[in-house]
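To keep things clear, I will list the structure first and then write my remarks on it.
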C-alpha cells in the first residue's frame, strides 16, 4: 500500500466511524450529512470521493459491521453460535459501527438497503453453525437450521432494540443469557445444555481472551 | 354522549388513524404533520384541539394500540399467551395503528415516549399469563415469569421487524409459529406442548371466531 492509499483508507475509516455515530444517534432519516462531516473533520469533497450519498454512507457502515462476527473456535458449534451473540451483545455497548448497523437494519422500512441488509448474512452464519451442530449430534434432528437461524436473528434484533429503549443496553447480556436458556431446550440434544456457558458475562470474557491471545502472538513475533 | 362529543371523538379517531398510517410509512422523525393533516382531511386547528405536537400524536397512536390485546379465554394460559402474539401478528398485516405502534416503539432512541412505551404493558400482560400458567402447573417451576415475558416481547418485536424488512410481514405468522415451537420446550411442563395450537394461521382463525361470536350476539340482541 502506498502512502496515498494508506491515507485514503484512514480517511474512509474516519468517515465510516463518524457516520456510524450519527446514524446510531439519529437513525437514517434524521441523520444529516453535515453533522457527519463535522464529526469526521473532513471536507465535503473528501467524503464524496469515498461515498456518493447518505445512503451510500449507510451501506458503508452496514458492510463494515458484518465483517466483525468471528469468534474463537470451541468444541461445540452451539457454543460458537451462543458466542457470536454474546460477542455482538458486548460489542453493542461501545462499538458505534455495530450500534449503527443494528439501528440502520431496522430503519429499512423507509430506505431500501436490501443489497446490504445484514439479516441474511447473520442468518447464514447461524444456519451454518446449526447445520454443523446437527452433523455432530449437538442439535436435535427435527430442527430446521435455516428457520431456526431466522428465529435467532429476529429474537436477537428485537431483544437488543428493546434493551436499547428501556436500559440503554445495560441489561443486554442478561437478556441474551435468558434467551439462550429458554431457546436451547427446543434446539439442542438432551445433555448438551449442561455443557454450555450461557452466563451473561460470556461476551466480555471472550473479548478479553481474544485480546490476551493477540498480545501473546505479538510478543512471540517480536 | 352529546352530538358534539361524538363528533369530537370521531375526529380524534380519524386523526389517530391518519397519524398511524404516516408513522408506519415514514417512522417518527421523517413523518410530517402536514401529511397527517392531509390524510385526515382536518384543519390544523382541529388537530391542535386534540394533539399539541407530533410527539403527542405518536403518544395517541401508542396508547390506542395497547388496548387491543384481548383474546378469547381458553383452557390454557399458555395458549392465551400464544394467541395474543398470533392475534397481533395477524393484525399487523392490515391494522395501521398496530403497525405504527410497533414502529414507534422502536423509534424511541431519538424521541422519548417512555411514559407511553408499549413494552412494559406487553410484558406485564405476558408475565400475568405466565404466572397463572405456573399456578396451574402448565409452566415449568424454574421459569421466571417477568424475565420470560421480557424475552417474548423482545423476540416478537424483532421477528416482526425483520419480517417487515424482508417480506413486508408476509411470513410473520410462520415466523411466530417457529418462535413458539422452539421457545416452548424451555417454558412449559412436559406433555403440555402437544395440546397447544401453534399453527401459523392461528391468528386468522381467532379473529374469525371472535367476529362470528359477535355476529351471533348481535343477532340474539336484535
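The values are calculated or read from the model by the stated rules, or taken from the named source; none is laboratory data. Everything quoted here is computed from the prediction, not taken from an experiment. Cβ coordinates were reconstructed from backbone atoms using ideal geometry, including for glycine residues, and neighbour counts include every protein chain displayed.
Observations on the structure shown:
- Any hit, the range B:72-79, residues being within 30 Å of residue B:211 (Cβ to Cβ) and within 14 Å of chain A (Cβ to nearest Cβ): yes
- Exclusive hit being at pLDDT 95 or above, facing chain A (nearest Cβ under 7 Å) and part of a helix (DSSP H, G or I), set B:175, B:182: B:175
- Residues (within 8 Å of chain A (Cβ to nearest Cβ) and more than 17 Å from residue B:173 (Cα to Cα)) located in the range B:145-159: B:147, B:148, B:150, B:151
- Among the residues of the range A:104-124, some residue qualifies, meaning at least one is within 26 Å of residue B:184 (Cα to Cα), away from chain B (no Cβ under 12 Å) and out of contact with any helix residue (DSSP H, G or I) (no Cβ under 7 Å at 6 or more places or on another chain).
- Index of the failed condition, residue B:75 passing every other in (1) part of a helix (DSSP H, G or I); (2) surrounded by fewer than 16 Cβ atoms within 10 Å (Cβ to Cβ): (1)
- Just one of (1) within 16 Å of residue A:178 (Cβ to Cβ); (2) under 16 Å from the mean Cα position of the chain (by Cα) fails for residue B:159. It is (1).
- Unique residue being on the phi > 0 side of the Ramachandran plot and in the same structural domain as residue A:209 (by TED's automatic domain parsing) when the list is A:169, A:174, A:136, A:182: A:169
- Residue among B:106, B:98, B:125 that alone is assigned to a helix (DSSP H, G or I), farther than 26 Å from residue B:53 by Cβ and out of contact with any strand residue (DSSP E or B) (no Cβ under 7 Å at 6 or more places or on another chain): B:125
Yes/no per residue for (1) surrounded by fewer than 23 Cβ atoms within 10 Å (Cβ to Cβ); (2) farther than 25 Å from residue B:75 by Cα:
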| site | (1), (2) |
| --- | --- |
| B:119 | yes, yes |
| B:126 | no, no |
| B:131 | yes, no |
| B:143 | yes, no |
| B:151 | no, no |
| B:174 | yes, no |
| B:186 | yes, no |
| B:197 | yes, no |
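- Answer from B:130, B:184 - the residue that is in contact with a strand residue (DSSP E or B) (Cβ under 9 Å, 6 or more places away or on another chain) and under 19 Å from residue B:88 (Cβ atoms): B:130
- Meets criteria (more than 16 Å from residue A:99 (Cβ to Cβ), within 14 Å of chain B (Cβ to nearest Cβ), at pLDDT 90 or above and part of a loop (DSSP other than H, G, I, E, B)) for residue A:198: yes
- For the range B:165-175, filtering for residues that are touching a helix residue (DSSP H, G or I) at 6+ places or on another chain (Cβ under 6 Å) and over 11 Å from residue A:154 (Cβ atoms) leaves 2.
- Close pairs (7 angstrom Cβ cut-off, 6 or more residues apart or separate chains): within 11 Å of chain B (Cβ to nearest Cβ) and free of Cβ contacts under 8 Å to residues at least 40 places away in the same chain in the range A:20-46, in a helix (DSSP H, G or I) and surrounded by 17 or more Cβ atoms within 10 Å (Cβ to Cβ) anywhere: A:30/B:29; A:31/A:22; A:31/A:23; A:31/A:54
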